[in-house]
């Protein structure tokens, strides 16, 4: 009888072990998020000089984040930054890289981040502190419309940045 109960115990253990190896984990599907990759050409006018620029903006409106990369006309990196917009009407930016050239223009980084916030995270394109933003034309990319031509002017006349939207792509993840 002892052998029989030991065999029965082993049989129950094997059956239960076989059942327990079957995974019943519910897989959570990630929420689809739409982001946009926008490529711009621009001209920075400062102290009478015109400097051609190129840039790319990776915009995620649902997560309220953007990453911007600015290059000069020969492809050298001038600026890399991230921006997070909050529902409170404020934003936070993180400078990842700034060239010595752009560091010589102290307000340029802060004003660039304010302009990105105003252009892509607010419903209106009101003037930023000390900066006027004007736009012309519309280009539809995926489900959104973007300005094809944007002029950002520092009100004291220290610089003007003119942006042209070359291309864009909607990415669904």
- Task: Looking for whichever is at pLDDT 95 or above and either out of contact with any helix residue (DSSP H, G or I) (no Cβ under 8 Å at 6 or more places or on another chain) or over 23 Å from residue 41 (Cβ atoms) (or both) here; the options are 96, 155. Which one fits?
- Result: 96
- Message: Looking only at residues that are free of Cβ contacts under 8 Å to residues at least 24 places away in the same chain and out of contact with any strand residue (DSSP E or B) (no Cβ under 7 Å at 6 or more places or on another chain) in segment 90-109, which one is surrounded by the fewest Cβ atoms within 10 Å (Cβ to Cβ)?
- Response: 100
- Query: Tell me, which residue of segment 43-68 that is in a strand (DSSP E or B), in contact (Cβ under 8 Å) with a residue 24 or more places away in the chain and in contact with a helix residue (DSSP H, G or I) (Cβ under 9 Å, 6 or more places away or on another chain) is farthest from residue 155 (Cα to Cα)?
  - Reply: 59
- Message: Restricting to segment 145-161, name every residue that is touching a residue at least 40 places away in the same chain (Cβ under 8 Å), within 20 Å of residue 71 (Cβ to Cβ) and surrounded by fewer than 18 Cβ atoms within 10 Å (Cβ to Cβ).
- Response: 160
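Quick one: which residue in 130, 168, 137 is over 17 Å from residue 58 (Cβ atoms), in contact with a strand residue (DSSP E or B) (Cβ under 7 Å, 6 or more places away or on another chain) and modelled with pLDDT of 85 or more? Show your work before the answer.
Details: 130 fails: modelled with pLDDT of 85 or more; 168 fails: over 17 Å from residue 58 (Cβ atoms).
Every option except 137 fails the conditions.
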- Confirm whether residue 92 is more than 24 Å from residue 151 (Cβ to Cβ) and in a strand (DSSP E or B). yes
- Item | Given (1) assigned to a strand (DSSP E or B); (2) free of Cβ contacts under 8 Å to residues at least 40 places away in the same chain, index of the condition residue 113 fails | (1)
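The values are calculated or read from the model by the stated rules, or taken from the named source; none is laboratory data. Since the model is a prediction, treat every value here as computed from it, not as a measurement. All Cβ positions, glycine included, derive from the backbone under ideal geometry; neighbour counts span all protein chains shown.
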